[in-house]
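Below you'll find the structure, written out as structure tokens, and then a few comments.
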Amino acid sequence: MAWVAFPGSITAAMLPDSKPKEWPADPTKHQVTIRREATDDKQSAMIAAAEAAQPSKEALRKAADARDRNDPLGLAQPKEAPLPAGDKVWWYKEQFGIRIPCAITADAVAYYSELVGTYGKQALNRYMQPSSRLDYHAGVKFHKEFKLDDKTFNDVHVVTLKLIFSQNFVATQTEGMQFEKERVVILDAKGKVLHLSGDGPTEVPVLAI
């Protein structure tokens with residue numbers, strides 16, 4: 001088959017006589033890596049506080065209203081689609097039945113971890129071998145002064161959360177997807193959240209065959 005790259009997406013021409021095959025469950029093709037780097041209990045508490053911070057309703061609404069350049073026709077999320085309901089909503093739409101994050105929270109990490117784990121137990125009928133991956137890293141540093149989003153903060157703990165998720169030919173027979181998300185959470189000495197940065201729409205490049 002021939003692969004062709006477009007902005008934000010990749011497509012491939014399937015040969016006319018191509019047929020899907022049975023792929024047995026293979027956990028080695030579905031990897032989860034979760035790293036929370038803390039040197040003491042206080043840093044662990046800061047990471048936990050950052051992961052517990054929920055995105056604002058405004059951030060969720062803006063994410064839902066934003067157009068993904070990889071989905072200009074709005075096929076993945078029709079304009080009239082309602083926002084997810086609940087107290088701990090970190091996603092703003094679904095694509096191929098997979099939640100797309102507005103923010104990184106502990107619930108989001110658990111969701112993708114469970115998803116990849118479930119994928120590794122499935123036998124699938126696909127044209128190409130299915131695979132998936134979650135790579136998550138959380139770290140925290142203390143700053144006497146820290147500037148972000150045109151604001152200056154003093155004596156704060158800065159938690160950086162970064163999540164990378166991909167699935168290829170698992171959720172559907174002929175598509176794959178990958179996205180990266182980063183969130184920066186600024187907290188005071190008591191663990192109170194002072195500022196959130198990075199919440200919003202997530203670009204989701206799609207691979208199709």
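The values are calculated or read from the model by the stated rules, or taken from the named source; none is laboratory data. Note that the coordinates shown come from a computational prediction; the quantities given were computed from them, not determined experimentally. Virtual Cβ from ideal backbone geometry, glycine too; neighbours counted across all protein chains shown. Ligands, DNA and RNA are excluded from the accessible area calculation, which covers all protein heavy atoms including side chains. Shrake-Rupley method; radii C 1.70, N 1.55, O 1.52, S 1.80 Å.
Rounded to the nearest 500, the 222 nm mean residue ellipticity of the chain from helices alone is -5000 deg cm²/dmol, with -39,500 (n - 2.57) taken per DSSP H run of at least 4 residues.
Contact order for the chain, expressed relative to its length and based on alpha carbon pairs under 8 Å spaced 6+ residues apart, stands at 27 percent.
Computed in the context of the full set of protein chains, the accessible area of the range 80-128 at 1.4 Å probe radius has 50% of its extent on carbon or sulfur.
Nearest 0.05, what FRET efficiency do Lys147 and Ser56 give at R0 = 22 Å with Cβ-Cβ as r? Computed FRET efficiency for Lys147 and Ser56: 0.50.
Backbone amide hydrogens, once placed in the peptide plane, bring Val170 within less than 5 Å of Ser131, excluding anything fewer than 5 places away on its chain.
Legend: residue pairs Lys57/Lys88; Lys57/Lys147; Lys141/Lys192; Lys42/Lys181; Lys62/Lys93, Cα-Cα distance threshold 20 Å; pairs beyond threshold, Lys57/Lys147; Lys42/Lys181. Surface composition of the range 129-200: carbon plus sulfur atoms contribute 45% of the solvent-accessible area (1.4 Å probe, protein chains only, all chains present). Counting only alpha carbon atoms, the long axis of helix 106-119 and the longest principal axis of the chain meet at about 20°. Here each label is just a point 7 Å from Cα along the line to Cβ, and for Thr172 and Ser113 those points are 2.9 nm apart. In this structure the amide hydrogen of Lys93, modeled in the peptide plane, comes within under 5 Å of the amide hydrogens of Ile100, none closer than 5 places in sequence on its chain.
Annotation: per residue accessible area for the range 19-62 equals 68 Å², rounded to a whole number [probe 1.4 Å, protein chains only].
Label-to-label distance, Ala38 versus Gln122, with points set 7 angstrom from Cα along the beta-carbon direction: 3.3 nm. Rolling a 1.4 Å probe over the heavy atoms of the protein chains gives the range 110-168 an accessible area of 50 Å² per residue.
Between Ile164 and Ala189, the modelled label-to-label distance comes to 3.8 nm, taking each label 7 Å out from Cα in the direction of the beta carbon. A Cβ-based charge dipole, computed about the Cα centre of the range 78-188 with Lys and Arg at +1 and Asp and Glu at -1, lands at about 260 debye. Scalar couplings 3J(HN,Hα) for the range 87-96, obtained by applying the Karplus form with A = 6.51, B = -1.76, C = 1.60 to θ = phi - 60°, are 8, 10, 8, 10, 10, 10, 6, 10, 9, 6 Hz; x denotes Gly and Pro.
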